[in-house]
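S.K.: Sharing a structure here in structure tokens format.
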Amino acid sequence: MSQNNSNAKTAMLAKLDSIHKVEGFDPSPFAVDYTDLNTQETRKRLPVMIQMAWFRLKYPEGRIAIQVSPGKDCFVATARIYPSYKDPVDCYLAEATASRGPDASKPSVSPREWAQTAAVGIALRNAGFGLQFSAAGDDFADMAPDELPAGEMDTDREPPAMEQPVQAEIEPTYEPAVLTDEQRLEQAFQKPCPIKKYSGKTLGEVLAMDPNAIAWVANKYKDNQELSDAARLICEHAMQQASV
């Protein structure tokens, strides 16, 4: 019975290792040792930059959104992982929060950036971009020592050795940027024309060739609301220009 359980466990761990599998890429050789400050146990973990690289390989259009706010003697960072930059604010794969304060033993490390790094690393692990359970020979118990109950912040974990704070993909809030009228129009001009006759051309290019085609996309085309809205914006702009 014990042997059967062991074989079943090995098979399930192999299945877990297939999460977010990218052909030709194995993250486990990048694993580094770190010491859990709660248990003093040495464990394996992927550096955050490797997690981010893995995430980019799996989701080239993905987004990592970070929100940071000051707390009492610390900074609190929340990271969200999105498969696509087009995903709505609440449609994320995983979320994590971490707080960090000044550390006398690391005077050159910004607490703000440290909190960002921790939140990103935890969120990516929660999204499946971690060592899962079996990489680098690391076994697991029913409750792994570095797991926290839902909602509790990761406040006193030691980051992986030699890891530097994450500098990339920092977004101050989750709210989308408000575009100016000129930016919205420029984006509309760059949208692809859905008419087969003009395949490969943008709405802006077709406007100079066949204005009636743009009007048709604005008023008659129903397959893609985003393209219809873009064409409608172009038509409105053209009418404004004609009345000047």
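The values are calculated or read from the model by the stated rules, or taken from the named source; none is laboratory data. Just so you know, these numbers come straight off a predicted model, no measurement behind them. Using ideal geometry, Cβ is built from the backbone for each residue, glycine included, and neighbour counts are taken over all protein chains shown. Each accessible area value is taken on the protein alone, full model and side chains, heavy atoms only, with ligands, DNA and RNA left out. Shrake-Rupley method; radii C 1.70, N 1.55, O 1.52, S 1.80 Å.
S.K.: Rank these by accessible area, largest first, 1.4 Å probe: Tyr85, Tyr198. Let's see the in-between values first.
M.R.: Working: Tyr85 125, Tyr198 20 Å².
These residues rank, largest area first, as Tyr85, Tyr198.
S.K.: Treating the beta-carbon of each Lys and Arg as +1 and of each Asp and Glu as -1, no other charges, what is the dipole magnitude of the range 182-244 about its Cα centre, to the nearest 20 debye?
M.R.: On the way: 8 positive and 8 negative charges, 55 e Å.
Computed charge dipole of the range 182-244: roughly 260 debye.
S.K.: With a 1.4 Å probe and all protein chains kept in place, how much accessible area does Leu57 have, in Å² rounded to the nearest 10?
M.R.: So the heavy atoms of Leu57 present about 90 Å² to solvent.
S.K.: Under the 0.36 nm per residue contour assumption, what length would be gained going from the current alpha-carbon distance of Asn7 and Ser110 to full extension? Provide the component values of the computation, followed by the final result.
M.R.: Numbers: separation 103, 0.36 × 103 = 37.08 nm, distance 4.59 nm.
Value of the extension gain: 32.5 nm.
S.K.: Taking 45 Å as R0, compute the FRET efficiency from the Cβ-Cβ separation of Asp103 and Met209 and round it to 0.05. Display every interim value, and only then the final one.
M.R.: On the way: r = 62 Å, r/R0 = 1.38.
The computed FRET efficiency comes out at 0.15.
S.K.: Any idea of Arg125's accessible area? Nearest 10 Å², probe 1.4 Å.
M.R.: It works out to around 70 Å².
S.K.: Provide the solvent-accessible area of Thr97, counting protein heavy atoms only and rolling a 1.4 Å probe, rounded to the nearest 10 Å².
M.R.: The accessible area of Thr97 comes to roughly 40 Å².
S.K.: Next up: Hey, rough spin-label estimate for Gln190 and Gln240, points 7 angstrom out along Cα→Cβ, what's it come to in nanometres?
M.R.: According to this spin-label approximation, the distance is 1.9 nm.
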